[in-house]
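Here is the structure we will look at.
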Amino acid sequence: MAVYDLEEQEQISELKAWWQQYGNLVTALITAAAVAAVGWQGWKWYQGKQAAEAGVLYYEVQLAAERGDTQKAREATGQLISGYGGTAYAQLAALLSASVHFGRDDLANARAHLEWAADRGDDPALRDLARLRLATVLLEDGKLDEALARLQAPAAAPLQARFADLKGDVLAAQGKAAEARAAYQSAVDLLANAGQGADTLREVVRVKLEGLEG
């Protein structure tokens with residue numbers, strides 16, 4: 001029979017006392033950590049599954065857009081928004097579907113998809129792009145006050161010049177020449193350091209500005 005010396009017996013007694021006091025807590029922490037690990041892996045799997053399914057629907061929207069099939073684009077986009085609204089695919093599909101509808105002069109459906117992307121989409125950059133395109137649709141539809149309202153909030157830096165240019169268009173349509181000139185001038189100033197790729201837009205805005213000044 002093994003014989004423990006006094007020091008070993010004291011250590012065992014201390015361990016037993018500690019376990020009696022903290023054993024349940026340790027077991028609970030280990031169990032919680034295991035559950036959390038399993039839950040995290042499950043969440044990652046779910047996210048991957050959601051992304052894959054959303055990607056398939058977005059591909060359907062792309063095919064519909066290539067064919068000019070507004071009904072199919074609208075239906076697939078609706079499925080994305082209702083089932084996978086938290087993915088970037090939903091916002092991208094709304095923008096693409098709106099473009100198809102706008103090209104067919106279906107302003108109502110173009111507006112509906114852009115409003116969702118602008119107001120409820122997760123990605124801030126895509127929300128700004130949706131706002132810009134929505135303001136274009138509203139301008140085309142003669143809803144000038146609504147178009148201007150969509151352009152008031154600050155936009156991301158890469159879109160600021162386009163926002164200012166479109167704001168000038170809306171103000172000009174409202175007959176507010178002085179305010180339109182200020183908006184166009186702001187666009188020109190923003191485009192001054194935008195690089196060679198912005199030359200065409202800068203020239204277009206400059207022509208608009210000169211037209212108002214004349």
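Close amide H pairs (under 5 Å, H built 1.01 Å from N) link Q174 with no residue at least 5 positions away or on another chain. Measuring how big segment 154-214 is from its alpha-carbon positions, Rg and Dmax come out at 10.8, 32 Å.
How big is the convex hull of the Cα atoms of segment 43-143, per residue, in Å³? Spell out each step's value before the answer.
Numbers: hull volume 8.0 nm³, N = 101.
Dividing the Cα hull volume of segment 43-143 by its residue count gives 79 Å³.
Placing dummy labels 7 Å off each Cα toward the beta-carbon, the span from S82 to A156 is 2.9 nm.
Distance between the modelled labels on Q62 and E179, one decimal in nanometres: 4.2 nm (7 Å Cα→Cβ projection).
Quick one: length gained pulling E146 to R120 fully straight, 0.36 nm per residue minus the C-alpha distance? Write out the running numbers ahead of the final one.
Working: separation 26, 0.36 × 26 = 9.36 nm, distance 1.78 nm.
Gain on extension, E146 to R120, equals 7.6 nm.
Summary value for segment 86-214: 15 percent relative contact order, contacts being C-alpha pairs under 8 angstrom separated by 6+ residues. Sorting the Cα pairs of segment 94-213 by distance into bins of 10 Å, from 0 upward, gives 15, 42, 35, 8, 0 percent per bin. Charging the Cβ of each Asp and Glu at -1 and of each Lys and Arg at +1, and nothing else, the dipole of segment 55-214 about its Cα centre rounds to 80 debye.
Read-outs throughout are calculated quantities, based only on the coordinates presented, and are distinct from any laboratory measurement. Note that the structure is a prediction, hence the values are computed from the model and not measured. Because the Cβ atoms are built from the backbone with ideal geometry, glycine has one as well, and the counts that use them run over all protein chains shown.
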